[in-house]
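See below for the structure under consideration.
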Amino acid sequence: MVSSRLPFAGRRVAIVHDWLTGMRGGEWVLDVVCELLPDATLFTLVHIPGRLGPRIERMRIKTSFVDRLPGAHRMHQRYLPLFPRALEQFDFSDFDFIFSTSHCVAKGAAASPPARHVCYCHTPMRYVWKFFDSYFNNKETGLLTRAVMPGVARYLRRWDKNTADRVDRYLANSRNVAGRIRSIYGRSSEVLYPPVDIARFRSDRPRENFFLIVSALVPYKQVEIAVEAFRKLDRELVIVGRGPERIHLERIAGPKTRFIGWANDEEVARLYSTARALLFPGEEDFGIVPLEAQASGCPVIALRVGGALETVVSPDPTDPDRQPTGVFFDEPSVEHLIDAVRRLEKIEFSTEALRRHASRFDRPIFRDRLKQILFSEERRLVGE
C-alpha cells in the first residue's frame, strides 16, 4: 500500500518543466508531480498565466529571462538557441531534490551533491534529434532558418549529450523513448507511461459521423495528410488545435473540414465522445490523445510508428479473442490513410474494450508508481 504521507515533506524540492503554455500530455504528468510535491518551487523558461490547471497555477513559479523577451508568450520557440543558457541561470544549489519533466532542456538542471535529480523524459530534445527536419527543413521554413539552424542544432545536440549525466535516474514515457535515451545518452531508464484521467471522459453518448483530430498544427504532426485524404473522401473532419500550419491547412481543406482552433477540456472530451474515430497521422514519442479518445469509446486510426504502437490495439486475424481499439496505416500518405478509414468502418468496436484498454494508463496507477519512486529517492537522500 502506498503511504498517505507525501514524499519529501519539509525538504527543499525543485520541479523543472520546459515551459508552461497550455495543458498537453506533458502538463498532465506535471499536474501529478505537483500533487505529490505541492511545496516545491516550479522552474520554467516561459509561463503564460491562466493556461494551466489550477494545481499547477497554485505552485510557486519562477521563470527565466526568456519569459521577458519580446513575443516570448506568442512564439517562445524562436528563442530555442537561448534555452540552455536560460536554464543554467537558475540556481539549484539550495535544493535537496530536483524532479524535471523534459522534452527540451529541463533535464539539464544541475543538482548540487548530495542532492539527486530524477528526470521524467518525454524524449531527448525533440527539435534537434528525431524531428529536426520536420521543424526546420520543411516547405514552410524560411531561408534564414534553413541556413542558421544546422549550426544551432549541432550546438544543442552537443549540450544535450554533455548534460545527460546531470540526471541520476531517468523515467521514460514509453519503450519508444527509452530506446532513444539509451542510444543518444547511453543511459538506462524505467518506463512509466503518462497518466490518462479516465474519470474525465464519457463513452455513453451517441456516435456522430465525423472524424476528429486533436493536435498542434505543426509540420511533424502530418495533419496535412488527413486534410487531403478527407477532401478526397468528401467526409466530415473536425480539427481541434492551433499552430503555424493552420493557414496552409485551411487553404487545402475540403468543404466538410472544420477548424475549431483551441478548445477547453470539456469541449474536447465531448468531441471524443461523439466522433466516429480519432485520426493520429504523425509520429509521437508516446501520445496521450489516442488514449483519451479510447477512454471515450472512440477508436483510433494511427500511423504504425512510435508511441502509438504501445497504445493502440489493431485487429489480429490469428487471434479471435483480441479486441481491437483501432487500426494502423503503414506509410504517411493520403492513399494509406484512406485505406485505413475504409478498413475501420468495417469493424465493430466494443466501447467497453476501448475504455478497459485505456484504464491500464489511468491516473491513479501513474500516481501510485511515481509516489513509490519519490519515496525511494527520499530514503536514498536520508541514507536509509
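Bear in mind these aren't lab numbers, they're just calculated from the coordinates by the rules spelled out. Fair warning: this is a prediction, and the values are worked out from it, not measured in the lab. Don't worry about glycine lacking a Cβ; one is built from the backbone with ideal geometry, like all the others, and counts go over all protein chains shown.
Once you reduce the stretch 187-214 and the stretch 295-315 to the center of their Cα atoms, the two points are 10 Å from each other.
Multiplying the residue separation of LYS161 and ASP91 by 0.36 nm and removing their Cα-Cα distance gives an extension gain of 23.1 nm. Mean residue ellipticity, 222 nm, helices only, the chain: the sum of -39500 (n - 2.57) across DSSP H runs of n ≥ 4, divided by residue count and rounded to 500, is -9500 deg cm²/dmol. Pull up the cross-link candidates among the aspartates and glutamates for LYS107, meaning alpha carbon to alpha carbon under 15 Å and not fewer than 8 places away within one chain. Within the straight-line cut-off, LYS107 pairs with ASP18, GLU88, ASP91, ASP160, ASP165, ASP168. The simple Förster model, with R0 at 35 Å and r as the Cβ-Cβ distance, assigns LYS346 and ILE247 a FRET efficiency of 0.45.
Computed across the stretch 198-361, the Kirkwood radius stands at 15.6 Å (inverse of mean 1/r, all Cα pairs).
Would you mind getting me the FRET efficiency between ASP362 and ILE48? Use the beta-carbon distance for r and R0 = 30 Å, nearest 0.05.
Efficiency for this residue pair is about 0.55.
This ranking places SER183, SER102, SER4, SER296 by how few other beta-carbon atoms lie within 10 Å of each, fewest first, which gives SER4, SER183, SER102, SER296.
Over all directions, how big on average is the projection of the convex hull of the alpha-carbon atoms in the chain, in square nanometres?
19.6 nm²
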